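What follows is a single structure, written as structure tokens, with notes after it.
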Amino acid sequence: MVSDRSWMRDREGLGLWEHRGKVAVVGWGQSHIDRRWDGVTMDRSCGGLTKEACLKALADAGLSLDDIDGLITSAETRAEQTWAPRPYFDPPYDTEDGLTFTSADWIERELGLKNIQYRKSDAPYIGPMMGLAAQAVGDGLCETALVWYPMVNLAGRYGHNNPQNNSPEAPGASAFSLPWGYQNGAMFNNLVIFQQYCKKYGKSHDGLADLCLNLRRNGLLTPWSYYALHEPYQLTREDYLNGRVIEEPLVIYDCDRPVNTCAAFIFTTAERAKDLRQKPIYVLNHAQNGGRGRSTMATLEEHQEAVASLARKMWEGSGLGPDDVDIFNPYDGYLTFTQQFLEGFQWHGVKWGEAHDFYADDIRVEGSHPFLSSGGNNGTGRTRSCLFSDSLEQLRGTAGARQVTVKAETALAGCNTPDSNGFLMLSKEPD
Amino acid sequence: MSTIPGLERPAPVPSDLTQPFWDACNERRLVLQNCTNCQRLQYPPTQRCDQCGSGDNLEWKEVEGKGHIDVYMVIRDSRIRGFRAAQPINFAVITLDEDPGINFLSNLPGTPPGEVPVGAQVELIFEETSTGQLVHEWQGAA
């Protein structure tokens, strides 16, 4: 159950993670990526892309279908709408399952998996879902888990099909926000907090330009990314500074672009991982945040404390500290909140209020501070999975043109926002 | 209706919990939950005090509603249907002078979009929504 938070490491004081170094990620598969599903090509539907990603992950790990005994996924695919009332298709595309999400039952049936002991189709979004997968394997609920996260993008403007946004009424908690134009999701509150950040530290929106440009650059160095495949050109500073304004000062280039794709990962025990195709990447800890501010809008101070607490949980459970993290891939769904992670984890010594200066220094992958070497979601399209897959590739040494030149033995990755997220600490060594 | 041209605010739907709040708005009064145990205001309303966790000590307390503009942004491409004809429109966060830990949203009627004096004092007003329900708003203090 999503509502069951007992598996989460969302409190300080839990000590070293009991499965530290005993769980490993041994496989990754990324499906094809498009801007939207065309509603026609079934192997590019949610189900079709999920099958593709899962089979690629199995091949990457050198595992067979019979090796999988756990299936974990999330229904939080950001589809925002059902395929209905449009007519369904022939089986297996005759329900929403396979079109706007892909359940464990669906993939078990379509791939012909025969040894499944553990099924979970209602995991949270990918940040905490990756922690759940590590915990499930560590706890022995399964030995080898296939874990996938589709992002679904159908026709229509994002957010404009949300029924709440088209209603003349504001029920429930929305009565205290919707009448003033507040939109659900991460955009508004985090933009408010960004404005508080700029006010407190004397910064401005222009300070995000260097981050944006470097993310696109890293995304173009990622062969499977949306931009490498479909819009293979670099943004300029002028593009960013003159970007279409969404909610001033937020511009279009601050927002990760919805795409249609799926990523899959394979988690197994350290023991099972020993003789597989890939060098195991061990999980040293997982940690989550979930909370809200005191009043209508959470504040900068509340988000800074939330991330500081997340960092303390991560250090406590992994046994590592700020100086031990080589690769850092926090969420960048809106560029306006990424600095909270950078400063809260004090990566490369960055303190509160210093992120924009850090961005303006050398954050290229070949430089000394390769922040978000994945290209993030702004550089690859909103997969959210890129944060984890790049971390794996960097530690394996297989990131190609994105391979960092600094030491790459540990990686910290996670999403979504400072107040609500799940992060994973990965390492080339189990201890 | 709103004094902001083109704006059709979604109308709040009161619940058992929030009915006293919205009834007070219709009387042009702003009332907040106050925990008499913690002597602490809270907004938006919840079933229990965020601090002590008890629901037994919450009362409605009227506040004057004076505040200051903390930060703002300008809505230019809203996903909310009722706001599209009013764009561009201010979206500001107001902190309550009686307890700056409490904040409210405001579109700052009377303040041109983007010309928002951050830090300025504001005073409480009320605006009508489509059902006739009044909502609390703020405008620059005279």
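The values are calculated or read from the model by the stated rules, or taken from the named source; none is laboratory data. Computed from a predicted model, the values in this text were never measured in an experiment. Cβ sites come from the backbone with ideal geometry, for glycine too, and all protein chains shown count toward neighbours. These accessible areas exclude ligands, DNA and RNA; they are computed on the full protein's heavy atoms, side chains included. Shrake-Rupley method; radii C 1.70, N 1.55, O 1.52, S 1.80 Å.
Here is how the numbers come out for the structure above:
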quantity	calculated
Accessible area of chain B belonging to carbon and sulfur atoms, whole % at 1.4 Å probe	43 percent
Solvent-free Debye scattering, log10 I(q)/I(0), computed from the Cα coordinates of the protein assembly as shown at q = 0.08 Å⁻¹	-0.56
Along principal axes, Cα extents of region B:16-63, largest first, whole Å	30, 21, 14
Extent along principal axes [Cα atoms of region B:96-137; Å; largest to smallest]	33, 26, 13
Region A:13-97: equivalent-ellipsoid semi-axes (sqrt of 5 x gyration tensor eigenvalues, Cα, Å)	31, 18, 12
Positive-end residue of A:GLY367, A:LEU191, A:TYR201, charge dipole of the protein assembly as shown with Cβ unit charges	A:GLY367
Debye log10 I(q)/I(0) at q = 0.12, 0.18, 0.21, 0.26 Å⁻¹ for region A:174-244, Cα point scatterers	-0.51, -0.88, -0.96, -1.08
Rule-of-thumb Rg ratio for region A:51-168 [Cα; 2.2 N^0.38 Å; N residues]	1.18
Burial order of peptide ranges A:98-104, A:380-386, A:399-405 (average beta-carbon count within 10 Å, highest first)	A:380-386, A:98-104, A:399-405
Charge dipole magnitude, Cβ of K and R +1, D and E -1 - region A:71-111, Cα centre, debye nearest 20	120 debye
Convex hull per residue volume in Å³, alpha carbons only, for region B:64-142	100 Å³
Over region A:132-259 - Rg/Rh using Cα atoms and the Kirkwood inverse-distance radius	1.05
Complex-versus-alone comparison for region A:295-324, residues with a loss of 40 Å² or more in accessible area, probe 1.4 Å	A:SER295, A:THR296, A:MET297
Semi-axis lengths, Å, region A:295-410, gyration tensor of Cα atoms, sqrt of 5 times eigenvalues	23, 16, 14
Between region A:380-431 and region B:1-36, the Cα center-to-center distance that results, in Å	46 Å
Percent of Cα pairs exceeding the 13 Å cut-off, where the set is region A:127-170	69 percent
Kirkwood Rh in Å, taken over region B:46-88 so that all alpha-carbon pairs contribute	14.6 Å
Whole-number Å³ per residue for the convex hull built on Cα positions in chain B	112 Å³
